[in-house]
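Data block below; observations after.
The values are calculated or read from the model by the stated rules, or taken from the named source; none is laboratory data. Predicted, not measured: the structure shown is a model, and the values here were computed from it. Here the Cβ positions follow ideal geometry from the backbone for every residue, glycine too, while neighbour counts run over all protein chains shown.
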């Protein structure tokens, strides 16, 4: 979760006290530069990605900020964005709304975690009730399983991303086809080492079926497990 923010002037620094209302009006440009809302949001989204790459914000913080900026973009698109008197210009307005979005997100995340962390129910092993466990601990087991499946699919992609073109019927081809050129054009990571093996190898398709069968089992278990627990 991101920390809570306090709304200060962008240029505030060490200044204390409030600005004179007349100066507030004189310094405001949001009445006409609000038409630049889309460009300002795109610039902020690009910059936060650069900050993440530089290690100044974490990937999680970057995603929170990007999501908040997407919400602001939607508000402007629908005409529901509400300007305040404190918004000096379009960037100040978007930044103020971003802080509000992040604050709301932090509160909701915290409330969700607090609400679910103390939910207890029986764990099951050998088809019978066992030790009591937390709901969060149980759902985590499915998250880990799905992450493991994602890793398995990533490994499968690397294994099957090998070029078979140019193998011919069994013994390659005599036409002088540049298989390395084919590999580059098809974005394969390597060329099949044996033309004989290419034609007789079933491990790629069987590995694909096995991996996706395990993914299907993980989703099936996640979907039907609550029903099974309820019946028990």
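Of note:
- Residues in the range 30-53 that are exposed (fewer than 13 other Cβ atoms within 10 Å of the Cβ) and either on the phi > 0 side of the Ramachandran plot or modelled with pLDDT under 85 (or both): 31, 32.
- Selection of first residues in the range 196-212 that are over 12 Å from residue 159 (Cα atoms) and of second residues that are at pLDDT 70 or above, restricted to Cβ pairs under 6 Å at least 6 apart or on distinct chains, gives the following pairs, ordered by first then second residue: 196/170; 198/164; 198/167; 198/192; 199/170; 211/152; 211/153; 211/156.
- Some residue of the range 179-191 being assigned by TED's automatic domain parsing to the domain that holds residue 220, closer than 30 Å to residue 218 by Cβ and modelled with pLDDT under 80: no
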